[in-house]
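Asker: Okay, handing you the structure first.
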């Protein structure tokens, strides 16, 4: 039986935060470029972020997910730490 620890929880939440960060980063990379004379998108890592209205909403959703993930991770770890501290005081 494996033991549940703050290190394990931190690792799990760290993975979730990394996934959320990667999703935002990939989206931004995929939408960075320029447009040609006909308005066609040309990917270019040195270009600018080019978003349609729906792309903008998608990015906002990814960033909201990223924020929720980070906040949930932080508050959960703080709660676990506080519970451990309270239990240790009662020993």
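Asker: State the extension gain, in nm to one decimal, for the chain segment bounded by residue 56 and residue 90, taking 0.36 nm per residue of separation less the distance between their alpha-carbons.
Answerer: Extending this stretch completely gives an extra 7.1 nm.
Asker: Helix 6-30 sits at what angle to the longest principal axis of the chain, using alpha carbons and giving 0 to 90 degrees rounded to 10?
Answerer: The helix 6-30 is inclined about 10 degrees to the chain.
Asker: Given the rule -39500 (n - 2.57) for each run of at least 4 DSSP H residues, summed and divided by the residues of the chain, what is its mean residue ellipticity at 222 nm, to the nearest 500 deg cm²/dmol?
Answerer: After summing the helix terms and dividing by the residues of the chain, the value is -24500 deg cm²/dmol.
Asker: How much length, in nm to one decimal, is gained on full extension between residue 76 and residue 29, taken as 0.36 nm per residue of separation minus their Cα-Cα distance?
Answerer: Full-extension gain reported as 13.8 nm.
Asker: Something else now. Considering the chain as a Gaussian network with a 10 Å cut-off on Cα pairs, which listed residue, 55, 21, 46, attains the greatest mean-square fluctuation?
Answerer: Among 55, 21, 46, the largest GNM mean-square fluctuation belongs to 46.
Asker: Tilt of helix 53-89 relative to the longest C-alpha principal axis of the chain, in degrees (0 to 90, nearest 10)?
Answerer: Once rounded, one gets 10 degrees.
Asker: Mind checking the log10 I(q)/I(0) for the chain at q = 0.15, 0.16, 0.24 Å⁻¹? Debye, one equal scatterer per Cα, no solvent, two decimals.
Answerer: The Cα Debye sum returns log10 ratios of -0.70, -0.75, -1.14.
Asker: What's the percent breakdown of Cα-Cα distances in the stretch 26-70 across 5 Å bins, shortest bin first?
Answerer: All Cα pairs considered, the percentages come to 5, 22, 24, 21, 15, 8, 3, 1, 0.
Rule-based calculations on the coordinates, nothing more; no lab input. These figures come from a predicted structure and were not determined experimentally.
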